[in-house]
Structures are given as structure tokens and as C-alpha cells.
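Trainee: Dropping a structure here in C-alpha cells format, bear with me for questions.
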Amino acid sequence: MLFFKECKKILFSLTFVIYIVAVVGFYFTQFSPDADRKISPPAPASEDYGTVAKEVPEILMPKATENLVTEYLRGYYKAYPIGFYKQVKLSEKKSTQIAEIITEITGISKQELDDFSDFEEGGMTMIPDGNGGYMPVVKEATMPEINIPDTMTYEHFRELMRKADKIIGGGSDYSDNYIIGNFSQVPKTYEDALAEYNAIIEEDKITGAYARLFCDYIGIIVAVLPVFLSASLANADKKSRMEQLVYSRKISSTKLVFTRFSALITVMFIPVLVLAFVASFSVSGIYKENNTDFLAIPKMSVCWLLPNILFSTALGMALTEITSQLVAIFVQGVIWFSDAMGGTSLTGEIKMFTLICRHNSLYKRDVFMENMNQFVFNRIFYTVIAFAIIALTTWIYSEKRKGGLNVIKKNIVGKFKV
């Protein structure tokens with residue numbers, strides 16, 4: 001049977017061995033240490049329960065304004081316009097527009113800002129401790145006095161922040177995606193911490209919290225590794241001239257492509273599913289006294305991780321067939337790097353079109369649930385896109401059987417062959 005032949009070919013490939021080692025290694029080095037840590041109820045007498053992002057205008061407005069003034073005075077702005085960190089330096093015209101926003105909020109004129117010569121950024125610094133070493137201390141910023149008049153409404157303030165974000169180029173600290181998390185963190189109360197703990201115990205059945213963390217870690221690696229396996233498999237057929245043999249057989253292009261795709265997905269997802277059950281055993285073992293949902297981690301893996309594998313595999317198959325293995329790996333690598341190393345928050349932010357969904361915490365269930373609509377849309381989106389790419393790959397196979405794409409490919413993308 002073709003499906004099992006494809007599975008066997010994948011299983012005995014060196015690339016699959018590397019895939020297994022990487023996924024298992026990621027599990028034991030990243031997730032496993034957290035899986036051994038038991039979630040405990042908050043202590044009533046604790047002085048610190050952490051912080052939580054809440055939209056509190058009285059906190060957000062002065063902090064965001066101070067940050068905007070700081071960035072104006074230092075001459076550059078932090079932004080993640082396409083997922084990568086970017087240090088934005090504005091033209092004189094755009095810089096003047098930012099100054100006008102500051103003036104509208106604080107009453108400080110552009111001339112006063114430009115004439116302020118004592119500016120120093122705050123932050124951590126090291127000073128001598130008197131014993132030959134150094135100790136960290138918080139350095140206060142030296143800035144103009146900032147006062148926001150009572151006539152400045154919160155709604156208008158947010159409009160001005162959106163305007164500032166647009167001037168900077170998008171993806172700045174003042175965008176709707178970042179402004180609350182950056183400038184409106186408030187201390188958790190004991191009641192907040194207790195409510196969060198109870199939600200994990202009662203609604204997550206404990207394993208739901210670990211399921212999010214498991215998928216966060218494993219999702220990073222399975223968003224890129226499948227492209228190596230799918231691309232190398234297609235490339236190996238080219239080098240061994242297997243594609244000519246395959247094209248000559250009386251098998252439909254649809255059956256051929258979808259069988260290979262199914263084999264790749266099956267072989268790559270089974271190790272992930274096995275690790276999900278291992279994680280379930282591990283977590284359930286340290287919560288023997290609690291009612292846990294043993295299938296929470298496997299179920300979340302299907303919803304969360306399978307779309308990553310589907311998309312990366314489909315893209316690898318299509319681009320290798322159209323261009324080369326090198327191009328397929330490069331394109332998927334760019335997508336992966338943009339998500340994994342870009343401006344996406346580790347927790348509390350799931351975008352609609354981000355391949356790698358992040359929630360690097362056993363806590364903050366409420367934040368994840370607030371993003372549930374985006375999460376569901378995101379996973380469905382990448383699943384649909386993956387099958388659309390495979391449909392395109394099927395058409396390419398069909399055309400190549402007729403000889404329709406060979407000339408174009410040689411003339412345009414032949415130089416990318418590896």
C-alpha cells in the first residue's frame with residue numbers, strides 16, 4: 001500500500017531521526033522541568049502575588065506618556081512592525097508630529113522638549129558596593145515634569161496613542177496590541193491569585209494549564225522542523241530520479257500528493273502525541289489527590305500543534321516542487337524566525353495570523369480565554385491554508401506530468417537547485 005511505503009521511507013530517513021531527537025530533546029529540556037513543579041494555592045500572608053494587565057486609565061495614561069516623551073528625547077522608538085525588533089528613527093516632519101501629540105497631552109511645547117538638555121534615561125545601573133564589587137540599583141530618569149490635564153479624556157488619549165503608533169510605523173508600544181500590557185500592570189491581590197488558582201483546579205482540571213505550556217514549547221519546534229522532512233523527501237526523489245517513475249505510474253496526482261502528505265503528517269504527529277500522553281502521566285502523577293483531565297494535553301495538542309505541522313509540511317512540499325529544498329527551508333525559516341524571535345508576547349497575546357501561538361505560563365488562564373476567538377480562528381486559518389497549498393501542489397504535480405511546468409522551472413528557478 002502506498003501510504004505505508006511512504007511512512008516506511010520517512011521513518012528510515014536521517015531527517016526523521018533528527019526530528020525525533022529535536023522534539024524529544026525540547027520536551028525534556030523545556031517542558032519537563034515545569035511538569036515536575038506543582039501548582040500551589042497562594043499564601044494569604046504573601047507580600048507579592050505578581051502583576052496582571054488591567055485597563056486602568058489612571059495608570060496607563062501617565063506611564064505611556066512618559067515613555068513617549070522618553071523616546072522622543074532619545075531620538076528613536078521601539079517597534080515590531082513585521083514581528084522583528086526595529087529601532088525607528090523618524091524624519092523631522094514625523095518627529096514634529098510626535099511632538100504635537102505630546103504637546104496636546106501635556107502642554108509641553110516642542111521648543112521646550114528640544115531645549116531640555118538634562119535628559120537621562122532611567123533603568124538599572126551598577127554602582128560600587130564598597131567591597132571591590134558592584135551592585136545593581138534603579139536609576140531614576142531625568143525628564144521634564146509631565147502633567148496630564150483633567151480635560152484629557154481617556155478615549156481621546158487612546159486616539160492620540162494610535163496616531164503616534166501610525167506615525168512610528170505600527171507595532172510600537174502605543175498600539176492597541178501592546179499598550180495595556182506595557183503600561184497598565186497592576187499588583188494582584190490575594191483574591192485575584194486565589195481565583196486564578198481555583199480556575200486552574202476546577203475549570204482546567206489542572207492538566208489544562210500544563211496543556212497550554214506543553215503546546216507552547218513543542219509548538220515552537222514543530223512549526224519549523226516539518227519543512228526539513230517534507231522538503232528532503234521530495235528532494236531525495238528528484239536526486240534518485242524517482243519522480244519520473246512516479247509520474248509514469250497510473251496513479252492520480254491527487255492520490256499521490258495527499259498520500260505523501262498524510263504519511264508525513266502521521267509520522268511526525270505520532271511522536272508529539274506520545275509525548276502528550278507522557279506529559280499527562282507525569283502531571284497526573286503529582287496531582288493524585290485531584291480530579292485531573294487525563295486527555296487535556298493530547299486534545300490540546302491536536303488543536304494547537306497539528307496546524308503547525310500541517311502548514312510547515314505543506315509549504316515544504318509545494319516550494320520544493322516549485323523551486324528547491326533550499327528555498328522551502330529558507331521561506332519557512334523566515335516565517336518561523338519572525339514568530340519565535342519577533343515581538344510576540346510570551347503570554348497574553350495570540351494574534352489571528354501568527355503561526356506560533358504562545359502561552360509560556362501555567363497561569364494567566366483568563367488571558368488565554370480572552371484570546372480564544374483569535375486562537376480558534378488562527379488554528380482554522382492555518383489548517384485551511386495548509387490544505388489549499390496541498391491542492392496547489394497537486395495541480396503542480398499534474399502539470400509536470402504533462403510537461404507543462406518543466407521549461408518555466410528551468411528558466412526561472414533552476415539556479416536555486418541544491
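The values are calculated or read from the model by the stated rules, or taken from the named source; none is laboratory data. The structure displayed is predicted, hence computed values, not measured ones. Positions of Cβ are generated from backbone atoms using ideal geometry, with glycine treated the same way; all protein chains shown enter the neighbour counts. In case anyone asks, the SASA skips ligands and DNA or RNA and just uses the protein heavy atoms, side chains included. Shrake-Rupley method; radii C 1.70, N 1.55, O 1.52, S 1.80 Å.
Trainee: Between residue 277 and residue 103, what is the label-to-label distance in nm when each label sits 7 Å out along the Cα-to-Cβ direction?
Mentor: Going from the residue 277 label point to the residue 103 one covers 6.9 nm.
Trainee: Could you give the length gained on full extension between residue 294 and residue 366, defined as 0.36 nm per residue of separation minus the Cα-Cα distance, in nm?
Mentor: Extra length available between residue 294 and residue 366 comes to 23.8 nm.
Trainee: Count neighbours as other Cβ atoms within 10 Å of each site's Cβ, and list the trypsin sites (Lys or Arg not before Pro) in the range 252-311 that are DSSP loop with at most 10 such neighbours.
Mentor: 288
Trainee: Could you state the angle between the C-alpha long axis of helix 57-74 and the longest principal axis of the C-alpha atoms of the chain, as a value from 0 to 90 degrees rounded to the nearest 10?
Mentor: 80
Trainee: A follow-up question, please. Counting only protein heavy atoms, what percent of the accessible surface of the chain is carbon or sulfur at a 1.4 Å probe?
Mentor: Whole-percent figure for carbon plus sulfur exposure: 60.
Trainee: Okay, moving on. In nm, what is the difference between 0.36 nm times the number of residues separating residue 4 and residue 117 and their Cα-Cα distance?
Mentor: So the extension gain works out to 33.4 nm.
Trainee: Any idea which of 29, 42, 52 is furthest toward the positive side of the dipole for the range 1-90, if Lys and Arg beta-carbons carry +1 and Asp and Glu beta-carbons -1?
Mentor: Of the options given, the answer is 29.
Trainee: Checking the a/c ratio against 1.5 first, then a/b against b/c, what shape does the Cα gyration tensor give for the chain?
Mentor: Cα axes put the chain in the oblate bin.
Trainee: In terms of the Cα gyration tensor, with a ≥ b ≥ c the square roots of its eigenvalues, is the range 34-110 rounded because a/c is under 1.5, prolate because a/b exceeds b/c, or oblate?
Mentor: Cα axes put the range 34-110 in the oblate bin.
Trainee: Here's a follow-up. Can you give the net charge of the other residues whose Cβ lies under 14 Å from the Cβ of residue 94, counting K and R as +1 and D and E as -1?
Mentor: Once positives and negatives cancel, what remains is +1.
Trainee: Classify the range 84-189 as rounded, prolate or oblate, taking a ≥ b ≥ c as the square roots of the eigenvalues of its Cα gyration tensor: rounded when a/c is under 1.5, otherwise prolate if a/b is larger than b/c and oblate if not.
Mentor: Prolate shape, in that a/c is at least 1.5 and a/b is the bigger ratio.
Trainee: If Lys and Arg each add +1 and Asp and Glu each add -1, what is the summed charge of the other residues whose beta carbon sits under 13 Å from the beta carbon of residue 27?
Mentor: For residues surrounding residue 27, the net value is -3.
Trainee: Could I ask something else about it? For the range 1-148, treating each Cα as an identical point scatterer without solvent, what Debye log10 I(q)/I(0) comes out at q = 0.15, 0.20 1/Å?
Mentor: Cα-only, vacuum Debye calculation for the range 1-148: -1.01, -1.26.
Trainee: On a 0 to 90° scale, report how tilted helix 2-11 is relative to the longest principal axis of the chain, with both axes built from alpha carbons and the result rounded to the nearest 10.
Mentor: So the inclination is approximately 60 degrees.
Trainee: Out of the range 98-155, which GluC sites (Glu not before Pro) are coil in DSSP terms and have no more than 11 other C-beta atoms within 10 Å?
Mentor: Qualifying residues, ordered by number: 140, 145.
Trainee: Continuing with this model, one more query. Specify the inter-centroid distance of the range 43-92 and the range 171-209, based on alpha-carbon positions, in whole Å.
Mentor: Computed from Cα coordinates, the inter-centre distance equals 17 Å.
Trainee: Pulled fully out, how much extra length does the chain show between residue 286 and residue 93, if you take 0.36 nm times their separation in residues and subtract their Cα-Cα distance?
Mentor: 63.4 nm
Trainee: Could I ask something else about it? If you count only protein heavy atoms with a 1.4 Å probe, what accessible area per residue comes out for the chain, rounded to a whole Å²?
Mentor: Heavy-atom accessible area per residue stands at 51 Å².
Trainee: Here's a follow-up. So, R0 is 30 Å and r is the distance between the beta-carbons of residue 254 and residue 14; what FRET efficiency does that work out to, to 0.05?
Mentor: Plugging the Cβ-Cβ distance into 1/(1 + (r/R0)^6) gives 0.55.
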